[in-house]
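Reviewing the structure listed below.
Taken together, the values in this text are just the output of simple stated rules run on the coordinates, not laboratory data. Fair warning: this is a prediction, and the values are worked out from it, not measured in the lab. Cβ coordinates were reconstructed from backbone atoms using ideal geometry, including for glycine residues, and neighbour counts include every protein chain displayed.
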Amino acid sequence: MIWNKEAECLTRKEMEAVQLERLKDVVKRAYENVPFYKKRFDEIGLKPEHIVTLKDIEKIPFTTKNDLRDNYPYSLFAVPMKEIVRIHASSGTTGKPIVVGYTRRDMENWSESVARLIVAAGGSDEDIAQVVFGYGLFTGGFGLHYGLEKVGITVVPASSGNSERQMMLMQDFGATIIVGTPSYVLYLSEIAEEMGVKKGMHKLRLGLFGGEGHTPEMRAEIEKRWGILATENYGLSEIVGPGVSGECIHQCGMHINEDHYYPEIIESDSGNTLGYGQKGELVLTTLTKEGIPMLRYRTKDITILNPEQCKCGRTNVRMNKVLGRTDDMLIIRGVNVFPSQIESVLVGMEHIGPHYQIIVKKKGYMDDIEINVELIDGKMLERYSELEKLENEIRHKLKTVLQIDAKVKLVNPKTIERSVGKAKRVIDLRNQ
Ligand code: DLL
């Protein structure tokens, strides 16, 4: 079992000592080996020796996705190419992907980070795990794969797609853990239903979900459909991939592997550092990464940090579920709306399924938001008064929570596109 108590159960003082020593080391390595960081530091007269306490991290400028793009593909690497044993990349919405490289030691630390969260979620070498993340440049498939292997779990690298076959494999190979995006595993539950696969006909007991957010309501829906414990984990390619943080069986926040990834919360607009318990943008610094060290990387993910010791005994700082990204916050007629708020309202309501899509348009100068929601029973579309009543009910609920008036369109079951990776729930047509 991989419960690394020396890293996961330290006192705050012990953890901070580890972090400080590693921070000084990574800053020095970045400064000496990556011209980009040297230039950034020199511009403001900052030297690695100026980092004396953890708080001094605030002197370091932020790094952003654009910096990775500008240095495409390898200019941020801190070691010669011959020491890089793996490349991954994440495709942004526009242009070239961002590229990351791992040394052999990075690969070991990555597997260890992922193994920790699997064990925290209750996985053990008795388990068989079906990985339905895509394998390839995306970090999800390989990242989880190596972590699972490290725990000694039997891995079925099914990859994403081919959903009927996934169900056959799941039953025949006896998977006890499913690993993927929550939206794809939700979709698989529909396939299971269509194929007549009921709860007792598979052995799944645990889900390891990440790569995208899902609300507590969506989690409850997935747990109910599959009869599993659904745990969540978080990460991003720029920092390592999956493995930054993950929930334990108590499902009360994701334990950050703080000895490898140092978290801060900032106020997005000013860049000022916020404290524990305050909501803001997560900024991460890789403390051990050799291939492509990241200093104060702005994730754009909004969350809250909680330093309290967890019931499970782990002392690492936990992060709340990601509320949304600063760049997927919709501003509708001046009101800030996160897709996750809409999901919270919709999922679990009577007569509608957990599939929805948000379409934002411009109508003249006004933003116009329309939410398509699938009915559980398509026949309701013929019962006009019932339909209208339900649409109004949803609209009213949305208005109470979001303070905006959204159009609601109820549509036939299974007409909203399903994804095999990360779901695309928002279509913003305003800038087209
Ligand atoms: O999605 C890494 C990953 C794969 C994590 C599998 C966990 C499991 P990227 O493709 O670079 O990497 O996307 C990173 O996805 O900044 C978040 O916005 C979002 N994200 C990842 N996990 C979560 C989560 C992988 N649990 C971006 N909740 C991040 C909310 C998440 N958002």
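Given Tyr135, Val401, Thr299, which one lies farthest toward the positive end of the charge dipole of the chain, if we put +1 on the Cβ of every Lys and Arg and -1 on the Cβ of every Asp and Glu?
The listed residue farthest towards the positive side: Thr299.
Determine, from the Cβ-Cβ distance of Asn272 and Lys38 and an R0 of 25 Å, the FRET efficiency 1/(1 + (r/R0)^6), rounded to the nearest 0.05.
On the way: r = 26 Å, r/R0 = 1.03.
For Asn272 and Lys38, the calculated efficiency is 0.45.
For region 177-283, place one equal point scatterer on every Cα, skip the solvent, and apply the Debye formula. What is log10 of I(q)/I(0) at q = 0.16, 0.24 Å⁻¹?
Evaluating at q = 0.16, 0.24 Å⁻¹ gives log10 I(q)/I(0) of -0.78, -1.32.
Mind putting a number on the dipole of region 366-432 about its Cα centre? Charges go on the C-beta only, +1 for Lys and Arg and -1 for Asp and Glu, and I need it in Debye to the nearest 20.
Computed about the Cα centre, the dipole is about 280 debye.
Could you check the spin-label model distance between Arg12 and Asp56? Points 7 Å from the Cα along Cα→Cβ, value in nm.
Placing both labels 7 Å beyond Cα along the Cβ direction yields 2.2 nm.
Explain nothing, just the number: dipole magnitude of region 220-348 about its Cα centre with +1 on each Lys and Arg Cβ and -1 on each Asp and Glu Cβ, in debye rounded to the nearest 20. Each step should come with its number before you reach the end.
On the way: 13 positive and 17 negative charges, 42 e Å.
Here the size comes out at about 200 debye.
Hey, what's the per residue convex hull volume over the C-alpha atoms of region 330-428, in cubic angstrom? List each step's numbers first, then the result.
Working: hull volume 9.9 nm³, N = 99.
So the per-residue hull volume is 101 Å³.
Which one, Thr63, Ile84, Ala158, projects farthest toward the positive side of the charge dipole computed for the chain from Cβ point charges (K/R +1, D/E -1)?
The residue sitting most towards the positive pole is Thr63.
Go ahead and run the numbers for FRET between Glu83 and Gln403, Cβ-Cβ distance against an R0 of 51 Å, rounding to 0.05.
Details: r = 53 Å, r/R0 = 1.04.
According to the calculation, E is roughly 0.45.
Restricting to the chain, what percent of DSSP beta bridges are antiparallel, rounded to 5? Mind showing how you got there, number by number?
Values: 43 of 66 bridges.
Bridges in the chain are about 65 percent antiparallel.
What is the chain's relative contact order, in percent, from Cα pairs under 8 angstrom and six or more apart in sequence? Present the calculation step by step, with values, prior to reporting the outcome.
Working: 880 pairs, mean separation 61.3, N = 432.
Once divided by the residue count of the chain, the mean separation gives 14 percent.
Run the helix sum for the chain: -39,500 (n - 2.57) per DSSP H stretch of 4+ residues, divided by residue count, reported at 222 nm to the nearest 500 deg cm²/dmol.
On the way: 11 runs with 133 residues, N = 432.
Only helices count here, giving -9500 deg cm²/dmol.
Set Lys and Arg Cβ to +1 and Asp and Glu Cβ to -1, take the dipole of region 330-428 about its Cα centre, and tell me which of Val411, Val335, Leu375 lies farthest positive.
Of the options given, the answer is Val335.
Starting from the Cα-Cα distance between Leu169 and Lys96, subtract it from 0.36 nm times their residue separation and give me the gain in nm to one decimal. Mind dumping the intermediate values first?
Numbers: separation 73, 0.36 × 73 = 26.28 nm, distance 3.53 nm.
Length gained, Leu169 through Lys96: 22.7 nm.
Once you list every other residue whose beta carbon is under 10 Å from the beta carbon of Leu390, what net charge do they have if Lys and Arg are +1 and Asp and Glu are -1? All intermediate terms of the calculation are to be shown ahead of the outcome.
Numbers: positive: Arg383, Lys389, Arg395; negative: Glu350, Glu386, Glu388, Glu391, Glu393.
Its environment carries a net charge of -2.
Give the Debye-formula value of log10 I(q)/I(0) at each listed q (0.14, 0.16, 0.21, 0.22 Å⁻¹), with one equal scatterer per alpha carbon of region 265-369, two decimals each.
Once normalised to I(0) and log-transformed, intensities are -0.78, -0.92, -1.15, -1.18.
Just to confirm a number: summing +1 for Lys and Arg and -1 for Asp and Glu over residues other than Val155 whose beta-carbon lies under 12 angstrom from that of Val155, what do you get? Show your work: numbers first, answer last.
Numbers: positive: Lys150; negative: Asp125, Asp127, Glu149.
My count for the surroundings of Val155 gives -2.
Among 52-59, 245-252, how do they line up by average Cβ neighbours within 10 Å per residue, starting with the highest? The partial results should precede the final answer.
Values: 52-59: 12.9, 245-252: 20.5.
Ranked from most to least packed, the peptides come out as 245-252, 52-59.
Charges only on Cβ, +1 for Lys and Arg, -1 for Asp and Glu: so what's the dipole of the chain about the Cα centre, in debye to the nearest 20? Intermediate values should be presented prior to the final figure.
Working: 58 positive and 60 negative charges, 103 e Å.
Computed about the Cα centre, the dipole is about 500 debye.
Residues with beta-carbon under 11 Å from that of Lys5, excluding Lys5: net charge, scoring Lys, Arg +1 and Asp, Glu -1?
Values: positive: Arg116, Arg314; negative: Glu6, Glu8.
Summing Lys/Arg as +1 and Asp/Glu as -1 gives 0.
Can you check what the Kirkwood hydrodynamic radius comes to for the chain, Cα pairs only, in Å to one decimal?
Over the chain, the inverse of the mean reciprocal pair distance is 22.8 Å.
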